[in-house]
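Written below as structure tokens is the structure these notes are about.
The values are calculated or read from the model by the stated rules, or taken from the named source; none is laboratory data. Please read these numbers as outputs of a predicted model, since none were measured by experiment. In this analysis, Cβ positions are derived from the backbone assuming ideal geometry, glycine residues included, and neighbour counts consider all displayed protein chains. Just the protein is used for accessible areas: all its heavy atoms, side chains included, with ligands, DNA and RNA removed. Shrake-Rupley method; radii C 1.70, N 1.55, O 1.52, S 1.80 Å.
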Amino acid sequence: MKTKDELIDDLLTLAFAEDVGDGDHTTLSTIGDDATGRQHLLVKEEGILAGVDIARKVFAKFDPSLKMTVMIGDGAHVKPGDIAFVVEGKVRSLLQTERVMLNIMQRMSGIATVTAKYQQRLEGLKTKVLDTRKTTPGMRMLEKEAVKIGGGSNHRIGLFDMILIKDNHVDFAGGIKQAINAAKTYCAERGKDLKIEIEVRNDDEIEQALEAGVDRIMLDNFTPERTRKAVDRIRAVNPSVEIESSGGITLDTLRDYGECGVDFISVGALTHSVKGLDMSFKAC
């Protein structure tokens, strides 16, 4: 299995392949090979900056001779007019890396900004906001990193690092207990130490999950009122079981769920429909 750094390197290879192709003919035809210059990243919208470390990888991969000087790092609150960093070197390299870098940084900063808003709504509570697998194909590592930069937490990275038994698994497996027991047997036979989480839809499924034993119970599409009752029941039976709320939870309703005492709230909107933070890469 590839490491995070290897996956990011693969992403950058693809990004340059689709953008530069056999050459940036506009730049190659108008800018001399020996021309040098400076560009800075100009923030044009208030938010949380994310992707500075990845931007460094972008420049280094395309042209290791580019020199990047950082003024504002990942996780900082930025406002219009702020300069995040300056890059010096061959003008051809600056122009050919511009769009790849901006696409990544705008996307990551948008995610970090939204995540920060969600987590701030939970201030004073133990509840953490989680991302999901509703990410842009190929960009999951970057988008989940942006969630962490924004103050949120990562759910599982993919299908490989945690067992999450959802409604379809339950239905195909023949029930809650059958699915949980099969997952435990699978892990034991293969020597895998994976957390097991089960998605439940009603009180009966909660009881079955508690009887079978899991690490985390996900309350799917529960109202705040049903959530509070479910949390009380789960804590009474097994206080060590983690509890997650999921399904249709918005920024407006987030606090209501957090106050029910859940450990986590997963929000697909952190990554699946985020607007990028406005910024530009300008000569200076």
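Tabulated values for the structure
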{"quantity": "Positions within the stretch 142-160 being outside any loop (DSSP other than H, G, I, E, B) and open to solvent by 40 Å² or more (accessible area, probe 1.4 Å), in sequence order", "calculated": "145, 148"}
{"quantity": "Verdict on residue 82 being on the phi < 0 side of the Ramachandran plot, at pLDDT 95 or above and crowded, with 16+ Cβ neighbours inside 10 Å", "calculated": "yes"}
{"quantity": "Search result, residues across the stretch 1-25 that are among the hydroxyl-bearing types (Ser, Thr, Tyr) and outside any helix (DSSP H, G or I)", "calculated": "3"}
{"quantity": "In the stretch 69-92, the residues that are closer than 14 Å to residue 282 by Cα and among the hydrophobic types (A, V, I, L, M, F, W, C)", "calculated": "83, 84, 85, 86, 87, 91"}
{"quantity": "Matching entry among 232, 203, 278 (being of a type in the set (Asp, Glu), under 29 Å from residue 140 (Cβ atoms) and at pLDDT 95 or above)", "calculated": "278"}
{"quantity": "Strands (runs of 3 or more DSSP E) completely within the stretch 26-132 that count 2 or more residues being touching a residue at least 24 places away in the same chain (Cβ under 8 Å) and within 27 Å of residue 155 (Cβ to Cβ)", "calculated": "128-130"}
